[in-house]
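Reading through the structure tokens given below for one structure.
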Amino acid sequence: MRTRTIPPAQFIFVAILGLVLSGCGGSDLSGYRPVQKASQDAPSTVAAEVIEQPAGPLNIPQETQVSHQPVAAAQEPSDEILPVSALVPVNVIDGSKVSALLKTAPAETAIQPVSATAEPKEEAPRTVQLLIPDKSFSRDPASKGWRVSYDDLDLLKVLNMEPVTENAVELMPAWLKGLDGQRIRLRGFMYPTFEAEGIERFVLARDNQICCFGRDPKIYDLVQVDMHAGKTTDYIPPTRAFDVIGRFRINLESEGGKHLGLYYIEDAQIVDR
């Protein structure tokens, strides 16, 4: 019989395997499966388990934890944009007299390039004509004054007059001249003044574009208001319209060919609502 010689390395492996099996004794090895070498092309089982495992809470060191507090949404801007002069009087001129406003140069505008050969065009004066021959007014029950609007005082709408002529008062229709000396009620906006309280005189403007943004007003867009003797008013921001009740006066004042005033309200009181 031919004897097979076992190499030393295999002998050692068999000896160790025998010791292991003998140590297991009566252990049930039915569930044992030999480990198969994973193919290089197959994905790693451990890696697949890490990817498929749902994310859970992470134990982040205290010094590296990041707070995930909800961030407040940015406040949306208000639909109503309030001008700066709605907060405090900011004008740099005397807003208590129509003459002071009309003497002031209009706000600067962008300078457009002009051709060397181009000549500035001047708007031709309109042909004055009576557009509203008759007009009636309703009386305010509380103040007993005639309800008047700036449209009623607009010489462009009443007489097609632009610019205002020196004989504007003479050309006014009877219904407009008849308001002179009458008690009226007129709604408008306070032009900013230097004072915030104790105001005895101010200018009532047709709209708050004049008050806040420097639009060049017409002489009939402004009414000088003098409070009743001994009475004053506080500054009313031009974001809020109010009524003025008092005696209406018509008097065209000019200086150096420039008109400085046309309409006035005397002995006035304010209805701020």
Of those in segment 91-105 that are assigned to a loop (DSSP other than H, G, I, E, B) and more than 26 Å from the chain's Cα centre (by Cα), the residue modelled with the highest pLDDT is K97
For segment 220-236, check the following and say yes or no: at least one residue is touching a Pro at 6+ places or on another chain (Cβ under 9 Å) and farther than 25 Å from S136 by Cβ. yes
Being touching a Lys or Arg at 6+ places or on another chain (Cβ under 6 Å) and hydrophobic (A, V, I, L, M, F, W, C) is the filter here, so list the residues in segment 224-273 that pass it. A241, I245
Residue match in segment 234-247 (condition: part of a strand (DSSP E or B), over 35 Å from the mean Cα position of the chain (by Cα) and not aromatic (F, W, Y)): yes
Could you tell me whether segment 114-123 includes any residue that is in contact with a strand residue (DSSP E or B) (Cβ under 8 Å, 6 or more places away or on another chain) and either β-branched (V, I, T) or modelled with pLDDT under 95 (or both)? no
Within segment 124-177, track down each residue that is among the basic types (K, R) and under 19 Å from R206 (Cβ atoms). K135, R147, K157
Subset of segment 251-273 [closer than 23 Å to E170 by Cα and touching a strand residue (DSSP E or B) at 6+ places or on another chain (Cβ under 6 Å)]: L252, E253, L260, G261, L262, Y263, Y264, I265, E266
Which one of the conditions (1) surrounded by fewer than 15 Cβ atoms within 10 Å (Cβ to Cβ); (2) of a type outside the set (D, E, K, R); (3) modelled with pLDDT under 95 does N208 fail to meet, given that it meets all the rest? (1)
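The values are calculated or read from the model by the stated rules, or taken from the named source; none is laboratory data. The shown structure was predicted, so the numbers you read here are calculated from the model rather than taken from an experiment. When we count neighbours, we look across all protein chains shown, and the Cβ atoms used for this are built from the backbone with ideal geometry, even at glycine.
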